[in-house]
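Okay, so here's the structure we're looking at.
No value in this document is a laboratory result; all are computed from the given coordinates. Note that the coordinates shown come from a computational prediction; the quantities given were computed from them, not determined experimentally. For neighbour counting, all protein chains shown are included, and Cβ atoms are generated from backbone atoms with ideal geometry for every residue, glycine included.
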DNA sequence: CAATGAATAAATTCGTCATATATTCATTTA
DNA sequence: TAAATGAATATATGACGAATTTATTCATTG
C-alpha cells in the first residue's frame, strides 16, 4: 500500500468516466441496444475492465442511473441549503428552502437530457410506476432520501408555523409523485408550456401547504 | 362494416353487453391475450356479430374502454351536480362541487377493478404517459371533457371568490395529472394507505386553490 | 336484413440456425 | 502484484419457415 490516495483517486476517476459513458450510451440507445463495447470505448477502458466496477450489464445500468440520480439530488439539496442560509428560522426559511428544493430539482433535470431520456424509456425507475410492486423500486435508497428531504422541509415549516399539513409523510410522498408527473409532462410533451405548468403547480402546492395566517 | 350509429334499443342492449364482456376479458387477459371468441361468447353473440359493432379488435378495445371511461365520468359529473344543488352560489358551492367531483371519481374507480386493471396494463391510455406524444391520446375526447369539467369547477370558484388560481386551465391539467398518480398509487400499491394518501392530497389541493379570505 | 359461423386471411408461436454481444480468465502492464 | 487487458467463450438475440392459433370476412340463414 504505497499510495492509497492515488490508487483510490484513480479508481474513482475511472468509475466516474465509466458511469458518464454509460449514461450517454444508455440514454441514446436504451438498455437493450446499448453495448458494453461502446460504453467501454467511450470511457477509455477495455471491455473486461467494466466488470471490475459492475457485476453485469444490468448492474452497470443500475449503478450509472444511481450515480445520475445522486448528482441530481445533491444539486437540489445544495440549492435548498443555500436558500435557507440567508433566512432566519421561522421567517420564511421553510418556504424558501422548500421552494428552492423544487425549483432546483426541476431546473437540473431540464439541463440533463440523459436522465430525462432514461426515465422516459424506463418507467420502472420510479417507485409507483405501473407493473412495479411494493419492494420493487431499484432506487429505493435515492428515492427514499428524496422523499425524506421533502418531508424534513415540510416538517420544518410545520414546526415554525409556516406550513399547515396534517400528515407530512403522506404529503411528501404525494409531492414526490406529483413531481414525477411534472417530469413526464416536461419530457413527453415539450410543447413550450412546461414552465407555465410548473409554476402553476408550484403555486398551488406552496399555497396548499402554507398555514392560513402565515 | 354496417352503420355503427343507428341506435335501436336492441342494438344498444347488445352493444352494452358486448362492451361489458369486452371490459371483462380485456381486464382479465390484456389486449393481446384477449380473444374475440371469448368476448363474443360472454356477450351471447356470434363471432362475426362483433364486427357489426367494431371495425377490429383494436377498435373494440378502444370503444369498450371509452364506454367504461364515459360511465366513470358520468358518475362523477352527476355526483358533482348533486353536491352543488343544495348550496347557494358563492356560499361554498364551488368547493362542494369540486370536492364531490374528486371524491366521486376516486371512489367509483375503487369499485371498478376492470378499469383499474386495464389502465394499469396500458399506460398509454393516459395522455402524458411515457412514450406517447402530443396528439396520441386515444381518449382525447373523454379525457378532454374531464379536464374541461375540472376547469369549469375551478373557474366557478374563481368567479365567486372562493378560489384563487392564476391559470385555471393549467391548474385543471395539473390536477388531472395528479389524479392519474393517485390512481396509480391506488391500484399499484394496495397497501391500505390509499385512502389516507387521497385525503392528504385532496386536503392540500383544496387548500391550495382556495382564496385566503374564504 | 341483422345475425351467424364456417371459410379464409393474418398473426403468433415454435424450433432451428446464424449472428452478435455479454462475460470470463489467462496473460500483460505499470 | 493488483489492476487492466482483450481474445476466448458462453449467452442472448435475430432471422426464417412451418405449424398453430386467432382475427376477420362473407355466403348463408332465420
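Ranked by the mean number of other Cβ atoms within 10 Å of their residues, highest first, the peptides B:42-51, A:167-176 fall in the order A:167-176, B:42-51. With the simple model of a label 7 Å out from the Cα in the direction of the Cβ, residue A:71 to residue A:12 spans 1.5 nm. Inter-copy label distances at residue A:16, shortest first and taken from points set 7 Å along Cα to Cβ: 6.8 nm. In terms of surrounding Cβ atoms within a 10 Å radius of their Cβ, B:119, A:206, B:149 rank from fewest to most as A:206, B:149, B:119. Peptide B:195-208 has a mean of 6 when you count, residue by residue, the C-beta atoms of other protein chains within 10 Å of its C-beta.
Legend: ranking of residues A:141, A:124 from fewest to most surrounding C-beta atoms inside 10 Å; resulting order A:141, A:124.
The mean number of Cβ atoms from other chains found within 10 Å of a Cβ in peptide A:170-178 is 6, as a whole number.
At the listed q of 0.15, 0.18 Å⁻¹, the Debye profile of region A:62-209, built from one uniform point per Cα, gives log10 I(q)/I(0) equal to -0.78, -1.12. Put in line by how crowded their Cβ is, counting other Cβ atoms within 10 Å and starting with the fewest, B:199, A:112, B:140 read B:140, B:199, A:112. Both radii are taken from the alpha-carbon atoms of region A:3-122; with Rh as the Kirkwood radius, Rg/Rh is 1.11. Take each residue of peptide B:153-166, count the partner chain Cβ atoms within 10 Å of its Cβ, and average: the result is 1.
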